[in-house]
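Here is the structure we will look at.
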Amino acid sequence: AILRSTRAVARGQGVLAPPANAGLDLESSEPQDFATLLAEGSIAQLRLTLAGLAAAAPAMRLDGLPDSLFIALYAAPLAPARIGRNLLGDRDYAALMASLPAGAQPILLASTGRYSFKGTSFVRTGRFERIRIIQGERGHAVLATQHRRLDTLRAAGSADLTEIGLFILPPEAGLDLSRPWQVELLIAQPASDGADVLTTVPLEYRLPTRYRIAAVPSPGGPPAVPTGGVALPPTPDVPTLLDLLTPDDSTRERPLWERTWRAAPVRITILTGALTLLCALLFVQDWLVKRRTRHIVVRASFLAFTLLWLGWYSGTQLSVVNVLTFVNAVLTGFRWEFFLLDPMAFILWSAVAVWLLFLGRGVFCGWLCPFGALQEFTGTLARRLRLPQVRVPFLLHERMWPAKYMLLLGLVALSLQSLDGALPWTEIEPFKAAIVLRFARPPGVLPFVLAYLAVLLVASLFVERAFCRYICPLGAALAIPARLRMFEWLRRRTQCGTQCQICASRCPVLAIHPDGHINPNECIHCLGCQVNFYDATVCPPLIERQKRRADRREAMNA
């Protein structure tokens, strides 16, 4: 807000050169609802009924009442703050504008009705074939890499929208907001003979006059002097604070992912340090587990860091959405730049990939998952309160844990058809609502989100890590390569599973089978069994060994 206001004053005084969209007011804003923006022309609308479509393309076979809605398509540029802030919210608008390369234009398209302006072919072809942006003689095809899916808009009155998309037009598209432009919608419907009939319908957009300002001083001309103000003489040879705040051309030319990494050095350093510390702890895990108190303190401290800083503060929670996006990227054209846009997630995924190769999935699920940490703290609280703990019979447990693999297969199958179609079903993970968005959900959705989260957390009070055991599709995705791990650092004795079942009964996720072997698909590498392995007051072989030594010493003394 300070930077935006300073730039506005500086441009009015002639200290700064005019912006790229000279003559447009992109910075002033005031709260408005969706209906007001629509009525004043800030949002353009194309409303097409079946009767209107039949008039445009008589050969189409259309079922339904003539007055029923076929599609209501809405379009708006998001660069003007009065539009973008009301539709996206202050925080998302600021993040969007900060991430845009110079000359790019963010355009919002949304719709309701029976027809989808996105379609599904873009998942395979990488191009939205039903829409095109046109200005004058130039037309711009919209690519899937320029698309960001939005679930909702912040403006009141927009809850009825069923499809929303944010499209970042690159600088080479040359979209000038001061001139009229249009969205060309391609409609394909079958005819009576079964062949497809194609027609195009334009949605015209003209920026309202309220966003135009009378004059902007040229860089070499005399500075404008507002009433009651004082003209500041231009000082082109002396760098000012405004010059430092305004990125230079070399900064603008850097790739977006590089600018994102440069903008977060502190968070990247903290995360890298925490991952290095965890790697060191796992390397010396025998030292860590030889004292039960040491293990409890270290593990609780690291899980607190994972939940509070990594999860709630940084919003870094890996999700099955990342897995589906990776699969989709491999099928449609893989680009590293897309995954580098989020440095925290990229670093965390890289570390998880290495640990999957060496130790399996347990390092992430047991140490780096914020929602897993939340469940573990919930379970610890329940035991402190002496709430009854449900011990699921192993035979039933063995029949229930494949459920998460079935959920994963279903999500992958849906994403192969349409990634956008699969995303709503990924809400079975409470991660985004509870960790990333910190419950910032639309009022109509929030009660259901809270109810679902409450059910999961209440279940974890009585069945430790219930969600991790039976529902989590991300855990299932990470478990698939778990058997390929190169090392087995979890120690076992020949008596495990034969003479002793202590570790199997105390395992928080029942990853230890009755015969004593550890299932790497289910193990979260909490190291609880290793603490028991070295505890001479818990492990029966150690107790028996100590007893024999005591007997020998007593015999020698006698």
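By the Cβ rule of 4.7 Å, the chain holds the following cysteines without a possible disulfide partner: C279, C365, C369, C468, C472, C496, C500, C507, C523, C526, C539.
Seen against the Cα atoms of the chain and their longest principal axis, helix 2-13 is set at about 20 degrees. Run the quick spin-label model on E337 and T380: label points 7 Å from Cα toward the beta carbon, then report their separation in nm to one decimal. Placing both labels 7 Å along Cα→Cβ, they lie 4.4 nm apart. Our Cα-only numbers for the chain put the radius of gyration and Dmax at 29.8, 111 Å. Charge dipole of the chain (Cα centre as origin; +1 on each Lys and Arg Cβ, -1 on each Asp and Glu Cβ, all else neutral): 2700 debye, rounded to the nearest 20. When the residues W309, W261, W336, W181 are ordered by accessible surface, computed with a 1.4 Å probe over the protein chains alone, the sequence from largest down reads W336, W261, W309, W181. Candidates W401, N519, Q546 compared by Cα position along the dipole of region 400-558: farthest toward the positive end lies Q546, with charges placed on Cβ. Give the angle, between 0 and 90 degrees and rounded to the nearest 10, that separates the Cα long axis of helix 403-417 from the longest principal axis of the Cα atoms of the chain. Approximately 20 degrees, to the nearest 10.
For the chain, carbon and sulfur atoms together expose 62% of the accessible surface, with a 1.4 angstrom probe and every protein chain in place.
Ranking V352, T426, S192 by Cα position along the charge dipole of the chain, where only Lys, Arg, Asp and Glu carry charges on their C-beta atoms, puts V352 farthest toward the positive end.
A dipole drawn for region 327-423 from +1 and -1 charges on Cβ atoms has a positive end, and of L381, W367, F339 the residue lying farthest that way is L381.
A Förster radius of 30 Å, combined with the Cβ-Cβ distance separating R491 from A555, puts the computed FRET efficiency at roughly 0.45. Cβ-Cβ distance of S192 and E427, R₀ of 25 Å, FRET efficiency by 1/(1 + (r/R0)^6): the value works out to about 0.05.
In order along region 148-160, the Karplus-derived 3J(HN,Hα) couplings, from 6.51 cos²θ - 1.76 cosθ + 1.60 at θ = phi - 60°, round to 10, 7, 10, 7, 9, 10, 7, 5, 5, x, 9, 5, 7 Hz, and Gly and Pro are given as x.
If you take the Cα centroid of region 402-438 and the Cα centroid of region 327-385, the two points sit 15 Å apart.
Of the trypsin sites (Lys or Arg not before Pro) found in region 393-501, the ones in coil according to DSSP and having at most 16 other Cβ atoms within 10 Å of their Cβ are R438, R491, R492, R493. For Y205, the amide hydrogen comes within under 5 Å of the amide hydrogens of W181, Q182, V183, counting only partners 5 or more places away or on other chains and with H modelled in the peptide plane. Surface exposure of the chain, expressed per residue as accessible area with a 1.4 Å probe, stands at 51 Å². Against the main long axis of the alpha-carbon atoms of the chain, helix 90-99 sits at an angle near 80°. In order along region 490-501, phi translates into HN-Hα couplings of 8, 7, 9, 10, 5, 6, 5, x, 10, 8, 9, 10 Hz, rounded to whole numbers, per the Karplus curve 6.51 cos²θ - 1.76 cosθ + 1.60 with θ = phi - 60° and x for Gly and Pro. Within the straight-line cut-off of under 19 Å between alpha carbons, the aspartates and glutamates reachable from K118 are E129, D151, D160, E163, E184, D196, E204, D420, sequence neighbours fewer than 8 places apart in one chain being disregarded.
The values are calculated or read from the model by the stated rules, or taken from the named source; none is laboratory data. Since the structure is predicted, the reported quantities are computational estimates derived from the model, not experimental observations. Note that we place each Cβ from the backbone using ideal geometry, even for glycine, and neighbour counts take in every protein chain shown. Accessible surface is based on the protein model in full, side chains and every heavy atom, while ligands, DNA and RNA are left aside. Shrake-Rupley method; radii C 1.70, N 1.55, O 1.52, S 1.80 Å.
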